[in-house]
Structures are given as structure tokens and as C-alpha cells.
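The values are calculated or read from the model by the stated rules, or taken from the named source; none is laboratory data. These figures come from a predicted structure and were not determined experimentally. For neighbour counting, all protein chains shown are included, and Cβ atoms are generated from backbone atoms with ideal geometry for every residue, glycine included.
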Amino acid sequence: MLTHFPMDLKRFSTRRTPFYTYDSALLRQTLSAIRAATADTPHFHVHYAVKACATPGVLRIISESGLGADCVSGGEIERAADCGFSPSDIVFAGVGKSDKEIEIALELGICCFNVESLPELEVINALASARGKIANVAFRINPNVDAHTHAKITTGLNENKFGLAMEDMLPAIHRAQELPAVRYVGLHFHIGSQITDLEPFEQLAQRVNELQNRIDAAGIKTESINVGGGLGVDYTQPEANPIPDFDSYFRIFKDHLQLRDGQQVHFELGRSVVAQCGALISRV
């Protein structure tokens, strides 16, 4: 259910517990903070990571705010579309995409597939070709950046299972350019979750710059850079700091990313959008 904090808990005295409730006012304030922090950068596009909370009421508020959606399953794609997200603002990430999930995304005409491997690229090409469609693809690259977060939610080091190694980037792009039913549009990154020290994001920006120089040297045009998400929230003092410091987060990329003319930058924020808005209500 959606509500507004601070709550009068007595109003829930007859309701069966446990249940989750969401502060719609705080959610809207958080979304306003994101819009304010990116108001001067129309080439910045924020996608909400649906995995963080896929409750329809929450998704509708987020879609109404103008954010896109970052999905990691066919079910998330369908839920996002049902809750008002435009397919042109939906990106499809994640390992192990099934044929059925790829077909769902192709039929809807989503913005982009974030591709994790060359076999996945070949599958997307085959399925798109069979439907007479062209699929936009971005390659997830493992940038070997330490997010300084919990080891189980670090995703950007060489030993992590996600994405292509940096040395495989150019061969992957060249292969995409050879295939008839995919179109290379950019690079995708995601270094981890619950990152509260912003310095790794600066490292990521520098690594993106290095990789872009390699791509430029190969004469390849890159339309978009997706830096993923990972911005954390304050679990120690949630009431004192209910909204993350989006200004400082986006400032890092404004100051350090060396963009080419016309390049678009995409972000995939999840926890930082909704974590502080939810509460589990239970009797003890």
C-alpha cells in the first residue's frame, strides 16, 4: 500500500501483519531531487532499476515522473510497460536472458539490450532477424573498478562474472557491426551496489574515458554511455538522510566523463530511489 510518513500506526491496528507500506510523498520528493540534479544535463537519462521494487503503485509514480526503466527479466519488462513506462525508455540488462524474454523485448521495441556476451549477441541477432527487426545493443564491459562495497554485491572487478573483459570490447563491437539485425549503440557498466563512497564512480568515469579513446582510435562511433547505478543509501541514519546526495553523484559524471558530440549518458538507479520509502509493519 502507499501512504505518507510519519504514520499514525493506530490506523493499522485492524490490518493483518506483516505487510509493506510505501511513503508516496517521500518517493516523489526523491524523484524531484533526481530531476533537479539533472536539470542542466538533458543528455542524462535515468532509468529506474525495477528489481529494487516492482510494486505497481510505486512503478506508476516513477513512470509518471519521467524516468525510464532498467529491467532484468521479461516479467519486469512487461510490468514496466503495464505501469506506464514507454518501451523507448526501457533497457534490458542481466545475464542469462532467455529467448522468450528477448522476444518480449523485441516485440515491445525497447530502447536497448545491454549485452553480456558474444553468444547472447548472436541469439539477439537471430531472433531479431526472424522478426524483421533491428535491435539496439550496448556491450556491458567489466572495467575492473573496485566499488568498495560488500564483496557479494561488487560486480566490476576482473574476477566478477558480469560483462565482457576490456580486451574483448573491440572484437565484440566489430562482430556487432557485421551482423544484420543488431545495431551497436554504446557501452554499459555497473560496478556494484550500495556504494556510499563516491570515489569509485570517478574511477569508473576515468576508465570509460580510456575505453572511449580506444574506440575512437578504431574509428567507431558510440552514441551512448550507460554507467549503471549502485548509489547507496544511509542505513545508519535513514530518518536524518532520507534522500541520497544526487547532486554530488551526478556531479562526478558531469565533471569527469569526456563525452563526444551528441553522446547520451544513461543511469540505472534503484535502491537510491525507493529504499528509504518503504517500511515493513509487523506486530511484536
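What the table shows:
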read-out: Residues of the stretch 47-66 classified as touching a residue at least 40 places away in the same chain (Cβ under 8 Å) and in contact with an Asp or Glu (Cβ under 8 Å, 6 or more places away or on another chain), total; value: 5
read-out: Test: residue in the stretch 232-241 that is modelled with pLDDT of 95 or more and surrounded by 15 or more Cβ atoms within 10 Å (Cβ to Cβ); value: no
read-out: Only listed residue being within 15 Å of the chain's Cα centre (by Cα) and not acidic (Asp, Glu), chosen from 264, 276; value: 264
read-out: Any hit, the stretch 216-227, residues being hydrophobic (A, V, I, L, M, F, W, C), at pLDDT below 95 and assigned to a loop (DSSP other than H, G, I, E, B); value: no
read-out: Among (1) part of a helix (DSSP H, G or I); (2) surrounded by fewer than 24 Cβ atoms within 10 Å (Cβ to Cβ) - the single one residue 105 does not satisfy; value: (2)
read-out: Those residues of the stretch 234-277 which are assigned to a loop (DSSP other than H, G, I, E, B) and among the aliphatic types (A, V, I, L, M), in sequence order; value: 240, 243, 257, 259
read-out: Qualifying residue in the stretch 34-47 (condition: among the charged types (D, E, K, R), assigned to a helix (DSSP H, G or I) and surrounded by 13 or more Cβ atoms within 10 Å (Cβ to Cβ)); value: yes
read-out: Residue 60 at pLDDT 95 or above, surrounded by fewer than 21 Cβ atoms within 10 Å (Cβ to Cβ) and touching a Cys at 6+ places or on another chain (Cβ under 8 Å); value: yes
read-out: Residue count for the stretch 124-146, restricted to those that are among the β-branched types (Val, Ile, Thr) and surrounded by fewer than 16 Cβ atoms within 10 Å (Cβ to Cβ); value: 1
read-out: Within the stretch 119-141, considering residues that are in a loop (DSSP other than H, G, I, E, B) and either touching a Phe, Trp or Tyr at 6+ places or on another chain (Cβ under 9 Å) or in contact (Cβ under 8 Å) with a residue 40 or more places away in the chain (or both), the one farthest from residue 172 (Cα to Cα); value: 133
read-out: Residue in the stretch 249-262 that is surrounded by fewer than 22 Cβ atoms within 10 Å (Cβ to Cβ) and in contact with an Asp or Glu (Cβ under 7 Å, 6 or more places away or on another chain) present; value: yes
read-out: Residue within the stretch 206-224 that is under 24 Å from residue 51 (Cβ atoms) and surrounded by 19 or more Cβ atoms within 10 Å (Cβ to Cβ) present; value: yes
read-out: Given (1) acidic (Asp, Glu); (2) farther than 26 Å from residue 261 by Cβ; (3) in contact with a strand residue (DSSP E or B) (Cβ under 8 Å, 6 or more places away or on another chain), index of the condition residue 89 fails; value: (2)
read-out: Residue match in the stretch 195-213 (condition: over 21 Å from residue 114 (Cβ atoms), in contact with an Asp or Glu (Cβ under 9 Å, 6 or more places away or on another chain) and hydroxyl-bearing (Ser, Thr, Tyr)); value: yes
